[in-house]
1. Restricting the first residue to segment 188-200 and requiring it to be without any contact (Cβ under 8 Å) to a residue 12 or more places away in the chain, which pairs with a second residue that is part of a loop (DSSP other than H, G, I, E, B) meet a Cβ separation below 7 Å and a spacing of at least six or different chains?
2. Of the conditions (1) in a helix (DSSP H, G or I); (2) surrounded by fewer than 21 Cβ atoms within 10 Å (Cβ to Cβ); (3) touching a helix residue (DSSP H, G or I) at 6+ places or on another chain (Cβ under 9 Å), Trp136 fails just one. Which one is it?
3. Please enumerate the residues belonging to segment 70-89 that are more than 27 Å from Ile107 (Cα to Cα) and part of a strand (DSSP E or B).
4. Within segment 119-133, track down each residue that is of a type in the set (Lys, Arg) and surrounded by 14 or more Cβ atoms within 10 Å (Cβ to Cβ).
5. Mind listing whichever residues of segment 1-28 are of a type in the set (D, E, K, R) and either farther than 17 Å from Tyr137 by Cβ or modelled with pLDDT under 95 (or both)?
6. Sort out which residues of segment 260-299 are hydroxyl-bearing (Ser, Thr, Tyr) and at pLDDT below 90, and write them in order of number.
7. Can you tell me how many residues within segment 1-26 are in a loop (DSSP other than H, G, I, E, B) and hydroxyl-bearing (Ser, Thr, Tyr)?
Amino acid sequence: MVRFKVALVGASQLSFPGDKISAFGRSIDGMNTLAKAWDFDLYIYEKQVITEADALECKAVLEAEKVDFIMLQCTSFAAGLVVSTLARTKDARLGLWAIPEMRPSGIVSFNSLCGINMYSAIVAHYLKEYNIATKWYFGDVEDARFQRRFQITVRALRAIKKMQHSNVALVGGIAPGFNDLYDDERKLIRLFDGIRINRLHEYGELKDLAHSIPQEEVDAKVAALKAEAGAYSDAIDEQINEVDPSKAVRKMSLLEVNARYALAYEKFVAKYGYDALAVSCWPKFQDDYLFSVCAVVGEINDKGVVCGCEGDLTSTISQLLLSYIAEDITMLMDLSAMDENDNSVMMWHCGPAAKRFCEKKGYSYSLNYSGKDHEGRDLDHAVGTGITRDMVFDEDVYTIARLTGESNKMFLASGVMQDGAKASYNGSRGWLGQLKLNRKDISALDFFNTIMVHGFQHHFPMVKGDYTEEVMEVMAWLGLSPVEEVPYENYLQRV
């Protein structure tokens with residue numbers, strides 16, 4: 001299990017008269033409470049760091065402890081050589097913490113705020129060539145502002161560390177023609193150094209696995225799938241066969257095909273230990289079955305394994321990052337309509353969303369493209385289009401975040417999902433209003449114009465809840481730039 005480890009270090013000097021030992025002791029108690037509540041490991045460096053020799057000794061201990069983040073408290077104003085030493089601790093990021101003074105007048109007790117001011121300036125100027133990021137904090141450990149600011153750091157850096165230890169696969173390649181989803185895995189590996197990406201799995205591996213599953217296991221899965229759905233079309237029980245007679249197996253219902261591939265992916269993930277999958281959900285399934293696997297993608301996500309469709313590796317990795325930040329299920333959507341009347345956009349996909357997003361109303365099994373095959377021909381009983389999850393998303397705040405550019409930028413947006421009363425298309429969908437880009441209000445027209453002018457990819461990883469501050473912090477630690485708003489104009493706009 002990947003654990004995030006924080007070190008608490010106190011720096012001071014003898015000349016300031018405040019009760020530094022008691023102040024640091026209260027901080028230790030409070031940080032221990034936060035470590036338990038927020039599930040991170042805490043290492044306390046018991047000695048006060050005063051001299052450069054103290055700092056060198058402390059640095060060696062922190063490196064041996066393999067800490068991820070140093071919370072350096074200026075328990076009082078302290079020597080500049082302390083920060084110039086500890087800032088260079090291997091593989092550890094740095095926070096600078098000032099505490100309130102003991103009294104509002106008279107002799108200054110700690111001069112702590114001035115201390116972190118000097119420390120940040122030393123890192124920014126004296127250590128400029130090291131390009132070290134620091135985040136400052138102020139307040140007692142019990143203060144709500146301090147806790148919220150620190151919680152964002154814990155969530156962001158823990159997510160980055162988990163990304164660096166993740167195992168991701170691309171199965172079957174990018175969907176044909178979706179060249180906007182092309183990526184250079186070297187950029188992703190560099191961004192999250194340590195992440196493993198396997199592009200070598202093919203659809204045939206999953207097909208062989210799906211057809212090897214014993215019938216009784218499949219039958220039980222079919223029954224479970226029917227029991228979970230709120231409703232379903234009779235067409236899911238229609239019998240189909242593979243298109244190529246040379247590959248023919250016995251006829252199966254649409255739902256049985258769905259069940260076999262759901263079980264196959266479950267066994268596949270268990271075999272290789274993947275945290276996330278980018279699945280090429282077409283065209284190979286269609287070549288064999290006239291079938292799509294939207295509902296299977298949704299179920300993979302249900303189980304806490306991130307799954308992005310259409311072979312979109314970068315979106316899948318963005319989903320994984322969101323899932324680590326929020327400790328929640330994610331989904332991958334298209335933007336399929338825009339309404340300037342209420343400044344909303346419809347987030348839609350064929351039907352691959354997890355049940356996490358329709359907890360209030362549930363989902364039903366439907367068929368892809370409303371009964372047409374992928375060449376637009378009407379089909380008797382809609383057989384062959386594949387099973388989808390038809391759902392309207394729960395009312396809630398949602399966060400959208402996707403890496404873009406050369407994995408050096410982040411598209412970050414949020415909004416509030418409407419109640420579902422507004423007309424929408426079949427599939428997994430919802431109208432997202434009260435739009436924000438980079439935490440600032442934006443109209444639907446300017447939102448879409450920004451996407452178009454930047455040439456942003458047509459996939460939107462989403463999670464329930466407002467985690468825009470955490471994503472912003474991830475961006476800052478990783479040096480990612482935001483996709484900036486481009487207000488709509490009638491003339492050609494280029495960035």
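1. Close Cβ pairs (under 7 Å, with a partner that is part of a loop (DSSP other than H, G, I, E, B)) amount to Ile189/Ile195.
2. (1)
3. We begin by selecting, within segment 70-89, every residue more than 27 Å from Ile107 (Cα to Cα); these are 70, 84-89.
The answer is Ile70, and nothing else.
4. Looking only at segment 119-133, we keep the residues that are of a type in the set (Lys, Arg), and these are 128.
Of everything in segment 119-133, nothing turns out to be of a type in the set (Lys, Arg) and surrounded by 14 or more Cβ atoms within 10 Å (Cβ to Cβ).
5. In the first step, residues of segment 1-28 are kept if they are of a type in the set (D, E, K, R); the result is 3, 5, 19-20, 26.
The answer is Arg3, Lys5, Asp19, Lys20.
6. First, the residues of segment 260-299 that are hydroxyl-bearing (Ser, Thr, Tyr): 261, 265, 272, 274, 280, 289, 292.
Answer for segment 260-299, where residues must be hydroxyl-bearing (Ser, Thr, Tyr) and at pLDDT below 90: Ser280, Tyr289, Ser292.
7. Pass one, segment 1-26, residues in a loop (DSSP other than H, G, I, E, B): 1-4, 12-19.
Filter once more, so that each one left must be hydroxyl-bearing (Ser, Thr, Tyr): 12, 15.
Of the residues in that region, 2 qualify.
Conditions tested, residue by residue: (1) in contact with an Asp or Glu (Cβ under 6 Å, 6 or more places away or on another chain); (2) over 19 Å from Glu256 (Cα atoms).
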{"position": "Ala276", "(1), (2)": "no, yes"}
{"position": "Asp288", "(1), (2)": "yes, no"}
{"position": "Val296", "(1), (2)": "no, no"}
{"position": "Asn301", "(1), (2)": "no, yes"}
{"position": "Met331", "(1), (2)": "no, yes"}
{"position": "Ser336", "(1), (2)": "no, yes"}
{"position": "Glu340", "(1), (2)": "no, yes"}
{"position": "His349", "(1), (2)": "yes, yes"}
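The values are calculated or read from the model by the stated rules, or taken from the named source; none is laboratory data. Since the model is a prediction, treat every value here as computed from it, not as a measurement. Positions of Cβ are generated from backbone atoms using ideal geometry, with glycine treated the same way; all protein chains shown enter the neighbour counts. Please note that ligands, DNA and RNA were not included when accessible areas were found on the heavy atoms of the full protein model with its side chains. Shrake-Rupley method; radii C 1.70, N 1.55, O 1.52, S 1.80 Å.
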